[in-house]
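The values are calculated or read from the model by the stated rules, or taken from the named source; none is laboratory data. Small disclaimer: the values here were computed from a predicted structure and weren't measured. Every residue, glycine as well, gets a Cβ built from its backbone with ideal geometry; the counts of neighbours run over all protein chains shown.
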Amino acid sequence: MTFELLAAAGEAAPQSSFGFMEAMEQGGFVAWFILGVMVIMSVGSFYILFTKLFEQRKVMSQYKAVRTNFWKANNLKEGATKLEKNSAWRQLVDDALVAEDQHAKMTDKLEAHDWMHGSLARSEDTINSKLAGGLPFLATVGATAPFVGLLGTVIGIYRALINIGIAGSASIDKVAGPVGEALIMTAIGLLVAVPAVFAYNWLQGRNKRIAEMLSAFSTDLLAYINSNGTVKPAALTTTSTQQAAKAAGTAPATAVKK
């Protein structure tokens, strides 16, 4: 008899369903709008991550051609033809050639070094600005996504408390479900923000590495132009010396270990 009463009471008790869709339905238009904003943030973050990663890898891979082929040319114009068009390295070489021609046309006595240095620095800034495009969006998502999710949580808890007040019951089963559902929005905000922050820091670090390579290449270009092609990168000069010594049947002097 006792088991029959308990079974009847269980069947008579209202069954509450909790979950993500229930939370969104309770939140109404505001909850769906906030969710849509965070979906846009997440999709935009991953889009920027993959596009910028592809762009950075392309620039870094092109640098290998600069080190192996460009400096073997007889002059800058010939070397420029060995670089890919519309690449960062080709842009630096083209800007250097234009600056050299412009300096020859100037009537005022302006130091060629200063003019070339300023022109190459301006070209570097243009390339670095292009590589940094989209990163502010990642920083914005990482900083604001948790607060957007928190806004959804606050609104969800507010609506849950109103429904509890209307029902006239403040038992734990009436409070825990709606409040727990509202916290889903905060979790979504964190899931959107954390990848954006990691992506921003990673891409920013790779951009700094590319900026260092651009600066080094600009310095080599400046030295090459000011020395009329005499001064070239040290690594290339060392390699050429070793190859010449090998061809002559001699080896460069090395330190003898005692």
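When you scan region 102-132, how many residues do you find that are modelled with pLDDT of 80 or more and of a type in the set (D, E, K, R)? Give the derivation first.
Kept after step one, since they are modelled with pLDDT of 80 or more, are these residues of region 102-132: 118-132.
Next, from what is left, pick out any that are of a type in the set (D, E, K, R): 122, 124-125, 130.
The qualifying residues number 4.
Within the set of pairs 6 or more residues apart or between chains, which connect a residue that is under 15 Å from LYS72 (Cβ atoms) inside region 208-237 to a residue that is of a type in the set (D, E, K, R) and at pLDDT 80 or above with Cβ atoms less than 7 Å apart?
PRO233/ASP220
Only one of (1) surrounded by 13 or more Cβ atoms within 10 Å (Cβ to Cβ); (2) at pLDDT below 80; (3) outside any helix (DSSP H, G or I) fails for ALA65. Which number is that?
Among (1) surrounded by 13 or more Cβ atoms within 10 Å (Cβ to Cβ); (2) at pLDDT below 80; (3) outside any helix (DSSP H, G or I), the lone unmet condition for ALA65 is (3).
Taking region 128-140 as the region of interest, how many residues are part of a helix (DSSP H, G or I), hydrophobic (A, V, I, L, M, F, W, C) and surrounded by fewer than 19 Cβ atoms within 10 Å (Cβ to Cβ)? Give the steps one after another, and end with the answer.
Filtering region 128-140 for residues part of a helix (DSSP H, G or I) gives 128-131, 135-140.
Filter once more, keeping what is hydrophobic (A, V, I, L, M, F, W, C): 131, 135, 137-139.
Still in the list and also surrounded by fewer than 19 Cβ atoms within 10 Å (Cβ to Cβ): 135, 137, 139.
Going through region 128-140 one residue at a time, the tally reaches 3.
Return the only residue of GLY10, GLY28 being out of contact with any Phe, Trp or Tyr (no Cβ under 6 Å at 6 or more places or on another chain), on the phi > 0 side of the Ramachandran plot and either modelled with pLDDT of 80 or more or exposed (fewer than 13 other Cβ atoms within 10 Å of the Cβ) (or both).
On the way: GLY10 fails: on the phi > 0 side of the Ramachandran plot.
Going through GLY10, GLY28 in turn, just one is out of contact with any Phe, Trp or Tyr (no Cβ under 6 Å at 6 or more places or on another chain), on the phi > 0 side of the Ramachandran plot and either modelled with pLDDT of 80 or more or exposed (fewer than 13 other Cβ atoms within 10 Å of the Cβ) (or both): GLY28.
Could you figure out which of (1) at pLDDT below 75; (2) assigned to a helix (DSSP H, G or I) isn't true of PRO195?
The single condition PRO195 does not satisfy is (1).
When you check LYS82 against the structure, is it of a type in the set (Lys, Arg), within 30 Å of VAL148 (Cα to Cα) and modelled with pLDDT of 80 or more, yes or no? Break it down into steps so the answer makes sense when it comes.
Details: of a type in the set (Lys, Arg): yes; within 30 Å of VAL148 (Cα to Cα): no; modelled with pLDDT of 80 or more: yes.
Judged against the criteria, LYS82 is not a match.
Being at pLDDT 65 or above and more than 26 Å from PHE50 (Cα to Cα) narrows it down to one residue among SER171, SER227; which is it?
Result: SER227 is the single residue among SER171, SER227 that is at pLDDT 65 or above and more than 26 Å from PHE50 (Cα to Cα).
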